[in-house]
Amino acid sequence: MVSKTKMKLMKTNGTTCMICGEFQGVHIEHHHIKPRSFGGANDYANGALLCSRCHTIVHKYEYGSCQYELLTKLIKTNKKMERT
């Protein structure tokens, strides 16, 4: 089952990875920019769509590290504003 947040992200952004730009279709993965374990919300603002390769890479870095922040900045650059 696909979450409401992932559906909203896909409707607004399509199914292209927000890091590498590769089309993923139904295989796109939902990533929480601020991890839920650090109090991150399960909402559009905290969500990203990533291919499995980029999702794995992001999770190799500690939340808040320079590498993690650089990838997060790229995600935010490629993410479309939420539609109201």
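The values are calculated or read from the model by the stated rules, or taken from the named source; none is laboratory data. Keep in mind that what you see is a predicted model, and the values were worked out from it rather than measured. We place every Cβ from the backbone using ideal geometry, glycine too, and count neighbours over all the protein chains shown.
Is one or more of the residues making up the range 4-19 within 9 Å of the chain's Cα centre (by Cα), surrounded by fewer than 17 Cβ atoms within 10 Å (Cβ to Cβ) and part of a helix (DSSP H, G or I)? There is no residue in the range 4-19 that is within 9 Å of the chain's Cα centre (by Cα), surrounded by fewer than 17 Cβ atoms within 10 Å (Cβ to Cβ) and part of a helix (DSSP H, G or I).
Residues satisfying the criterion are absent from the range 40-57 (criterion: on the phi > 0 side of the Ramachandran plot and among the small types (Gly, Ala, Ser)).
Among the residues of the range 20-72, just one is exposed (fewer than 13 other Cβ atoms within 10 Å of the Cβ) and part of a strand (DSSP E or B), namely Phe23. Checked against (1) at pLDDT below 95; (2) over 21 Å from Glu82 (Cβ atoms), Ile57 meets all criteria but (1). Condition check for Glu29 on (1) touching a strand residue (DSSP E or B) at 6+ places or on another chain (Cβ under 6 Å); (2) touching a residue at least 40 places away in the same chain (Cβ under 8 Å); (3) among the charged types (D, E, K, R): one failure, at (2).
Taken over the range 45-71, the criterion of being polar (S, T, N, Q) and under 17 Å from Ile28 (Cα atoms) is satisfied by Asn46, Ser52, Thr56. Of all residues in the range 73-84, those that are farther than 11 Å from Gly47 by Cα have Cβ atoms under 8 Å from Cβ atoms of residues that are assigned to a loop (DSSP other than H, G, I, E, B), 6 or more apart or on another chain, in Leu74/Met18; Leu74/Ile19; Asn78/Met18; Asn78/Ile19; Asn78/Gly21. Being in contact (Cβ under 8 Å) with a residue 24 or more places away in the chain and of a type in the set (S, T, N, Q) is the filter; apply it to the range 43-72 and report the residue that is farthest from Met10 (Cα to Cα). Here the residue is Thr72.
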